[in-house]
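Asker: Next up is a structure, given as structure tokens.
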Amino acid sequence: MQYNKNIDMLAIEVKNLTKDFNGLKAIDNISFEVKEGEIFGLLGPNGAGKTTTIKILSTLLKPTEGEALVCSFNVLKEKDEVRNCIGIVFQEPALDNQLTAIENLDFHSRLYGLNKEKRQKRIKEVLRLVDLESKANILVKNYSGGMQRRLEIARGLMHYPRVLFLDESTLGLDPQTRRNIWDYILELNKREKITIILTTHYMEEADYLCEKVAIIDFGKIVALDTPQKLKDILGGDIISVEVISPERAFEVFKKISWVKKISKHNDIVNLNVEKGEKKIPLLIKIDQKEEGFEIKSVNLRKPTLEDVFLYFTGRTIREREVSRAEGNRFMMKRRFRR
Amino acid sequence: MKSKNFQAIYVMWLREMKRFLRAKSRVIGTLAMPFFFLLSLGFGLRPSLNLPGMPQSASYIDFLVPGIIGMTMLFTSTFAGLSVLWDKEFGFLKEILVAPVRRLAIVLGRIAGGITTAIIQGFLILIISLFIGFKILNPFGIILTLIFMFLIGIGFISFGITMASIMEDTQGFSLIMQFIIFPTFLLSGALFPVSNLPGWLKPVIYINPLTYGVDGLRGSLIGFSQFPLLLNLFLLLIFDLVMIALGSWLFSKTEV
């Protein structure tokens, strides 16, 4: 097996994928690869094209252009093979809530052709994995949102998929439950050696879970790397300075030699520096009256993916979502249509 | 088809059975209307009514019951087909569509589930009608009745699937009820002989597949029909095949 050592098996290959909804490009010429066993994140605001990407990869939508391979099967030409090797947890719940948890899992595993022995064994296994054994015979309509999500993850795993898609799988859950689901995801990635593609607009989620992150905005991938490397682009530390007359402060800070990068956002000026704790006193020493601005607060932190998003798109993810909602009713309508 | 696809038909049927047995209110709800029609029209018009076009020997109840069974089949079957819409609404359709089975198997499974529940409900109405004075002339007619119920059911389930595949959500549901299902019922000869309707309505009646369903049921149960039973069978069969083809074709194009 020596010769195999440097060849990484690819779970997903996407080449120049485009999806056009009546002239509106939901995704625009995107390409990426996901290695087998990796946790890969598509990070971006609502309407950026994450769900469309997932739907194409899971054969539910046809791409307008480009090619996508899942487990080396073509999503257009080898639908059944693709469907067999993937599991998927949709953004909106997709359970039959007139059935119990076991019945939902049983329905799923019969649909995927598991025999009786395998079915019973696997149902127990996946229910244990998401801690729902004691609630197995309760009708799903009596489940809480978090329990439904866990059951859906369990169901996505029933037929031993090689790739699991999680589309906003923690949306609308409380922080505690979200944390739990993160741990389930990490656990099953380790235990079942399963490749996971997740979409999220929670920065901390992508940071915590993903080995690789693609930042996606307006249907395009603007950055793709490990969370650490993405953050390293911004340099060691970020000093956020809240000031009165930020324009003046921006001009002054820009000239300082140890400021590696600088950006302004509302009345906050962000400085990328090394050893930030030693730079704060130097900032304070600047004669603010003389230069015509006033520092109101100073904050020192390590860069987060939020900063990366801001760096690449010029706005925070929340602002992007607001502008989307206003400017792009068509897309919102599509997304919220069920 | 591969065994996986047969398994899919079975599991779709199984799911429908479980839901049917659990949703008692739904069953009572869909049976209520034919039941009230049967009671009010049956008792209200019984003493006096013998319309031209009705057999002299039969009472109005005898004439009415096959019509009400046809009505039950129409409503429960269309409803079963349209239930695809609720799966769309509650997201469950995605779970089905992403499975590695043929779309045709999904449609056939839904038809299998729908036809079972519809025939059960049709028979419940038949049993109820025995208590209010309906007499079955020929016990062998029951088998023929079953065949007609089957053919009516399959056609209208597929019709429901067709409509559900075109519609995006449940909003158009009442439109279909008001503008398709009710006219289909009223202009099928279920409540009165169609020979009394004015000539300009005749084409509508002849196009209406339920006309042949009700006529066939009447022939099977009370031995009186307007058209030959074989013609009824033949036309219903054509209706079924066209609807199954249309329904599964449109369903296969569904994107979610």
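Only the coordinates and a few stated rules stand behind these numbers; no lab work does. These figures come from a predicted structure and were not determined experimentally. Neighbour counts run over all protein chains shown; Cβ positions are idealised from the backbone, glycine included.
Asker: Taking 7 Å along the Cα-to-C-beta vector as the label spot, tell me the B:E168-B:S57 distance in nanometres, rounded to one decimal.
Answerer: That separation, rounded to one decimal, is 5.8 nm.
Asker: Based on the alpha-carbon gyration tensor of the protein assembly as shown, what equivalent-ellipsoid semi-axes (square roots of 5 times the eigenvalues) come out, in whole Å, largest first?
Answerer: Working: eigenvalues 782, 132, 83 Å².
Rounded to whole Å, the semi-axes are 63, 26, 20.
Asker: While we're looking at this one, here's another question. According to the square roots a ≥ b ≥ c of the eigenvalues of the Cα gyration tensor, what is the shape class of region A:252-293, taking rounded for a/c under 1.5, prolate for a/b larger than b/c otherwise, and oblate for the remainder?
Answerer: Details: a/c = 1.73, a/b = 1.13, b/c = 1.53.
The shape class here is oblate.
Asker: Contour minus end-to-end for B:L186 and B:L230, with contour as 0.36 nm per residue of separation and end-to-end as the Cα-Cα distance? Numbers along the way, then the final one.
Answerer: Numbers: separation 44, 0.36 × 44 = 15.84 nm, distance 2.35 nm.
Gain in length upon complete extension: 13.5 nm.
Asker: Given Cα pairs under 8 Å that are at least 6 residues apart, what percent is the relative contact order of region A:120-269?
Answerer: Value for region A:120-269: 14 percent.
Asker: Would you mind calculating the relative contact order of region B:3-252 from Cα pairs under 8 angstrom and at least 6 residues apart, reporting the percent as a whole number?
Answerer: Values: 333 pairs, mean separation 71.6, N = 250.
Value for region B:3-252: 29 percent.
Asker: Just tell me the longest site-free run in chain B, where the sites are GluC sites (Glu not before Pro) in a DSSP loop having at most 14 other beta-carbon atoms within 10 Å. Spell out each step's value before the answer.
Answerer: On the way: sites that count: B:E168, B:E255.
The reported range is B:1-167.
Asker: So how do B:M73, A:M158 line up by other beta-carbon neighbours within 10 Å, fewest first?
Answerer: On the way: B:M73 31, A:M158 23.
In order of increasing Cβ crowding within 10 Å: A:M158, B:M73.
Asker: Would you compute, for the Cα atoms of chain B, the largest minus smallest coordinate along each principal axis and list the three values in descending order, in whole Å?
Answerer: 58, 39, 34
Asker: Which is farthest toward the positive dipole end of chain B among B:P34, B:L108, B:G199, measuring Cα position about the Cα centre, with Cβ charges +1 (Lys, Arg) and -1 (Asp, Glu)?
Answerer: Of the candidates, B:L108 comes out farthest on the positive side.
Asker: According to the square roots a ≥ b ≥ c of the eigenvalues of the Cα gyration tensor, what is the shape class of region A:115-271, taking rounded for a/c under 1.5, prolate for a/b larger than b/c otherwise, and oblate for the remainder?
Answerer: On the way: a/c = 3.75, a/b = 2.57, b/c = 1.46.
Taking the square roots of the gyration eigenvalues as a ≥ b ≥ c, region A:115-271 is prolate.
Asker: Among A:Q91, A:L69, A:M158, whose Cα projects farthest towards the positive end of the dipole of chain A, with charges put on the beta-carbon of Lys, Arg (+1) and Asp, Glu (-1)?
Answerer: Towards the positive end, the residue furthest out is A:M158.
Asker: Measure off 7 Å from each Cα along the Cα-to-Cβ vector at A:S72 and A:K220, then give the distance between these two points in nanometres to one decimal.
Answerer: Inter-label distance under the simple model: 3.4 nm.
Asker: Let me ask you something else. Kindly provide the trypsin sites (Lys or Arg not before Pro) of region A:25-118 that DSSP labels as loop, not H, G, I, E or B, and whose Cβ sees at most 12 other Cβ atoms within 10 Å.
Answerer: Numbers: sites: A:K25, A:K35, A:K50, A:K55, A:K77, A:K79, A:R83, A:R110, A:K116, A:K118; in loops: A:K77.
Qualifying residues, ordered by number: A:K77.
Asker: When Cβ neighbours within 10 Å are restricted to other protein chains, what is their mean count per residue of peptide A:83-95? Intermediate values should be presented prior to the final figure.
Answerer: Details: counts 5, 3, 1, 2, 1, 3, 0, 6, 2, 4, 5, 11, 4.
Taking the mean over all residues of the peptide, I get 4.
Asker: I've got another one for you. So if we plug the beta-carbon distance of A:I280 and A:M9 into 1/(1 + (r/R0)^6) with R0 = 45 Å, what FRET efficiency do we get, rounded to 0.05?
Answerer: Details: r = 48 Å, r/R0 = 1.06.
The formula returns an efficiency of 0.40 here.
Asker: Here's a follow-up. Quick check for me: using +1 on Lys/Arg Cβ and -1 on Asp/Glu Cβ, what's the dipole size of chain B about its Cα centre, in debye to the nearest 20? Could you put the intermediate results ahead of the total?
Answerer: Working: 18 positive and 10 negative charges, 113 e Å.
Rounded to the nearest 20 debye, it is 540 debye.
Asker: Follow-up question, since we're still on this one. From the square roots a ≥ b ≥ c of the eigenvalues of the alpha-carbon gyration tensor of region A:8-230, which class results: rounded (a/c under 1.5), prolate (a/b over b/c), or oblate? Provide the component values of the computation, followed by the final result.
Answerer: Working: a/c = 1.72, a/b = 1.44, b/c = 1.19.
Prolate, since a/c reaches 1.5 and a/b exceeds b/c.
Asker: Describe numerically, in nm with one decimal, the distance between label points set 7 Å from Cα along Cα→Cβ at B:S3 and at B:L201.
Answerer: Reported label-point gap for B:S3 and B:L201 is 5.5 nm.
Asker: For chain A, what does the relative contact order come out to in percent, with C-alpha contacts under 8 Å and a separation of six or more?
Answerer: Numbers: 601 pairs, mean separation 62.8, N = 338.
Averaging sequence separation for qualifying contacts and normalising by length gives 19 percent for chain A.
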